[in-house]
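Here, each number is a calculation from the coordinates, and none is a lab measurement. Just so it is clear, the model here is predicted, and its values are computed rather than measured. Cβ coordinates were reconstructed from backbone atoms using ideal geometry, including for glycine residues, and neighbour counts include every protein chain displayed.
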Amino acid sequence: MPLKILVCDDERHIVRLIQVNLERQGYVVITAFDGKEGLEKVRSEKPDLCVLDVMMPYMDGFEVLKNIRKDPETENLPVIMLTAKAQDKDVFEGYHYGADMYLTKPFNPMELVTFVKRIAAGSSDPAGGGKRYDL
């Protein structure tokens, strides 16, 4: 069964670019266009992985990530942050709140696909895969 991936970004052209590239690889893609909608879809759709922007209306990506990590049902959901916020403090904050990967825009869609494949491979590891480190 293909992995279900939630892509959450307020820039519709970015969402579409990611969606097309992931669907070409056989993934099922769900979309959201603001942080509140993204968190609702995490809870209702139960994706296997989330690609999350930081700067979004209603709730930023860091808040979404914190909420994902606080909920026992979603605390282990792999999250790739994909954002224009590229300063060291932003990257640190992303990893601090539990991001599995932090990519900055502009980005290469195939690089994102590669990271999705790596995380997906790790999450199917019987030993637990996807190690997370507290900072």
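Which is the longest run of the chain containing none of the trypsin sites (Lys or Arg not before Pro) found in DSSP loop states (not H, G, I, E, B) with at most 14 other C-beta atoms within 10 Å? For trypsin sites (Lys or Arg not before Pro) (loop position, at most 14 other Cβ atoms within 10 Å), the longest site-free span of the chain is 1-130. Kirkwood hydrodynamic radius, computed over distinct alpha-carbon pairs, for region 6-135: how many Å, to one decimal? Computed over Cα pairs of region 6-135, the Kirkwood hydrodynamic radius comes out at 14.5 Å. Each listed q (0.15, 0.24, 0.28 Å⁻¹) maps to a log10 I(q)/I(0) for region 68-109, found by the Debye formula over equal Cα scatterers with no solvent: -0.38, -0.80, -0.94. Here the extension length gained between ARG12 and GLU73 equals 19.1 nm, from 0.36 nm per residue of separation less the Cα-Cα distance. Within the chain, the longest run free of GluC sites (Glu not before Pro) that sit in a DSSP loop with at most 12 other Cβ atoms within 10 Å is 1-72.
For the set LYS4/LYS117; LYS41/LYS89; LYS36/LYS70, the pairs lying more than 24 angstrom apart at their alpha carbons are LYS41/LYS89. For the pair LYS117 and ARG43, a Förster radius of 22 Å applied to the C-beta separation gives a FRET efficiency near 0.30, rounded to the nearest 0.05. In the chain, the DSSP-assigned H stretches of four residues or longer account for a calculated mean residue ellipticity at 222 nm of -13000 deg cm²/dmol, using -39500 (n - 2.57) per stretch and the full residue count as denominator.
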